[in-house]
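One structure below.
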Amino acid sequence: MSDHAARPSAEVEAVATVGSVLTDLVEVAERLPVPADQAEPVARILDRLSEEITEAAAMLRGAEPARPRLDGSLPAGDPRVNRARELLAEHHQPLTMTPGDVRHLLARIQRAAVELLEIVNG
């Protein structure tokens with residue numbers, strides 16, 4: 001098996017990263033409101049998640065998902081990829097959001113992850 005076949009595609013890596021971020025965001029959302037003495041550890045979690053989301057966006061951009069794949073499974077300019085890119089580019093600050101807004105954001109991220117999985121799985 002070649003190295004290329006063994007390594008997941010950028011889209012798969014991005015979906016895995018977003019899934020991991022979702023799990024951690026749910027954990028943070030369950031802690032809200034955060035007591036002042038615990039704000040720093042939670043803020044560090046959010047900082048790390050922000051970095052992971054940025055990495056996922058870079059993975060998608062580097063993969064150039066708007067181009068068709070060799071098997072033709074991804075039509076050029078797939079709107080699901082564009083929606084996921086736009087969502088990642090919003091750079092939300094969950095600590096400044098209400099718990100309801102965080103839950104709404106998590107639902108949007110989950111929908112985007114499901115759409116990306118649909119693309120990956122064909």
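Just so you know, all these numbers are worked out from the coordinates, no wet-lab data involved. Keep in mind the model is a prediction, meaning the values are calculated, not measured. Glycine gets a Cβ as well: all are built from the backbone with ideal geometry, and neighbour counts include every protein chain shown.
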Q.
Looking only at the range 11-48, how many residues end up being part of a helix (DSSP H, G or I), in contact (Cβ under 8 Å) with a residue 12 or more places away in the chain, of a type outside the set (D, E) and within 18 Å of T98 (Cα to Cα)?
A. 10
Q: Quick one: count up the residues across the range 84-104 that are in contact (Cβ under 8 Å) with a residue 24 or more places away in the chain, surrounded by 13 or more Cβ atoms within 10 Å (Cβ to Cβ), among the aliphatic types (A, V, I, L, M) and out of contact with any Ser or Thr (no Cβ under 9 Å at 6 or more places or on another chain).
A: 4
